[in-house]
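Down below is the structure, laid out as structure tokens.
What follows is calculated from the coordinates using simple rules that are stated; it is not laboratory data. Source: prediction; values computed, not measured. So basically every Cβ, Gly included, is an ideal-geometry build from the backbone, and we count neighbours across all protein chains shown.
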Amino acid sequence: MARQQLIAGNWKMNGTRDALAFFQDIAPAAAASTSEILICPPATLVAAGAAACANSPVKIGGQDCHSETSGAHTGDISAVMLRDAGAEFVILGHSERRADHGESSALVARKAKAALEAGLVPVICVGESETERREGRAEALVAEQLAGSLPEASGEDYVIAYEPVWAIGTGLTASAEDIQAMHAFIRGRLEQGEATRLLYGGSVKPGNAAEIFSLPDVDGGLIGGASLKAEDFAAIINNTTV
Ligand code: PGA
């Protein structure tokens, strides 16, 4: 079965209610696209975002969830709560959470299990640092993160986002050759690699998305900065629609 391309926006810690007009602005591009379109706003906008997208094909996701369903975890949000608020996906193990909150791959795997049980599709992030790439350890690091972070589930039930840390928010993108090589490497390591969608993330923008998404083992992208402006995100959707 062909893998449907997924174009996902990660708003990170950006956006208040006045950002909700975004959903109307991207609706025509999303409706004309053959790709699945996802926006992961901050948790405060998940419910309002889902309501704003009720009549559009745009889906809403969270940016993290707790590994437990409920309990004494002040400040945290469970996968069940995200689902209840209208989310269909959740980003897990983003490098910013691995760095800012010390999240281990084992924790990411537990969160992914909780997400699947709640009916969410986890988008599990992996990616090497600049030092690891320079020292020739990029594949080993990604293999280690994959081995530790993936839930025991069918490969079509989750998505993997390869995001080299040095390319996130820096304007630097990995070369098409390196992206394809890493995606082929990742696919080769998965039990059901042909069924699993692999996204690229790291400074994807209107000018480079079409080339990146046309690579044989790239099934779409996880887009930070360029997902904050409706015009840019719509251009990415339009340019990459086949
Ligand atoms: P960027 O972020 O597109 O701003 O590089 C990507 C991400 O962190 O998911």
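Could you tell me whether A87 is under 19 Å from L199 (Cβ atoms), in contact with a Gly (Cβ under 8 Å, 6 or more places away or on another chain), assigned to a loop (DSSP other than H, G, I, E, B) and of a type outside the set (K, R)?
Against the criterion (under 19 Å from L199 (Cβ atoms), in contact with a Gly (Cβ under 8 Å, 6 or more places away or on another chain), assigned to a loop (DSSP other than H, G, I, E, B) and of a type outside the set (K, R)), A87 qualifies.
Any residue in segment 140-157 that is under 16 Å from A115 (Cα atoms) sitting within a Cβ distance under 7 Å of a residue that is among the charged types (D, E, K, R) and assigned to a helix (DSSP H, G or I)? List the pairs, counting only those 6 or more apart or interchain.
Here the result reads P151/K113, each pair linking segment 140-157 to a residue that is among the charged types (D, E, K, R) and assigned to a helix (DSSP H, G or I).
Restricting attention to segment 195-208, and to residues there that are in contact (Cβ under 8 Å) with a residue 40 or more places away in the chain and farther than 15 Å from T170 by Cβ, which single residue is surrounded by the most Cβ atoms within 10 Å (Cβ to Cβ)?
Of everything passing the filter in segment 195-208, L199 is surrounded by the most Cβ atoms within 10 Å (Cβ to Cβ).
Among the residues of segment 86-118, how many are within 16 Å of the ligand (Cβ to nearest atom) and out of contact with any strand residue (DSSP E or B) (no Cβ under 7 Å at 6 or more places or on another chain)?
Pass one, segment 86-118, residues within 16 Å of the ligand (Cβ to nearest atom): 89-101, 103, 108.
Remaining after also requiring out of contact with any strand residue (DSSP E or B) (no Cβ under 7 Å at 6 or more places or on another chain): 96-101, 103.
Residues in segment 86-118 being within 16 Å of the ligand (Cβ to nearest atom) and out of contact with any strand residue (DSSP E or B) (no Cβ under 7 Å at 6 or more places or on another chain): 7 in total.
Which of the residues that make up segment 102-142 are part of a helix (DSSP H, G or I) and over 16 Å from V165 (Cβ atoms)?
A106, L107, A109, R110, K111, A112, K113, A114, A115, L116, E117
Mind listing whichever residues of segment 168-198 are β-branched (V, I, T) and either within 15 Å of the chain's Cα centre (by Cα) or assigned to a strand (DSSP E or B) (or both)?
If the condition is that a residue be β-branched (V, I, T) and either within 15 Å of the chain's Cα centre (by Cα) or assigned to a strand (DSSP E or B) (or both), then I168, T196 are the ones that fit.
Report the residue count in segment 67-84 for those that are without any contact (Cβ under 8 Å) to a residue 40 or more places away in the chain, in a loop (DSSP other than H, G, I, E, B) and not β-branched (V, I, T).
Adding up the residues that qualify gives 6.
I need the full set of residues from segment 8-26 which are touching a helix residue (DSSP H, G or I) at 6+ places or on another chain (Cβ under 6 Å) and either part of a loop (DSSP other than H, G, I, E, B) or more than 12 Å from the ligand (Cβ to nearest atom) (or both), in order please.
Passing the criteria: G15, L20, F22, F23, D25, I26.
Applying the selection to segment 130-170, what residues are within 16 Å of the ligand (Cβ to nearest atom), in contact with a helix residue (DSSP H, G or I) (Cβ under 9 Å, 6 or more places away or on another chain) and within 22 Å of A195 (Cα to Cα)?
Residues satisfying the conditions are V142, Q145, S149, I160, Y162, E163.
For segment 36-63, how many residues are among the polar types (S, T, N, Q) and surrounded by 23 or more Cβ atoms within 10 Å (Cβ to Cβ)?
Total meeting the criteria: 1.
Among the candidates S129, S95, single out the residue that is surrounded by fewer than 18 Cβ atoms within 10 Å (Cβ to Cβ) and either touching a Leu at 6+ places or on another chain (Cβ under 8 Å) or among the hydroxyl-bearing types (S, T, Y) (or both).
Among S129, S95, only S129 is surrounded by fewer than 18 Cβ atoms within 10 Å (Cβ to Cβ) and either touching a Leu at 6+ places or on another chain (Cβ under 8 Å) or among the hydroxyl-bearing types (S, T, Y) (or both).
Within segment 199-231, track down each residue that is more than 14 Å from the ligand (Cβ to nearest atom) and either under 14 Å from the mean Cα position of the chain (by Cα) or closer than 17 Å to H94 by Cβ (or both).
V218, D219, listed by residue number.
In segment 69-83, is there at least one residue being under 16 Å from P151 (Cα atoms) and of a type in the set (A, V, I, L, M)?
yes
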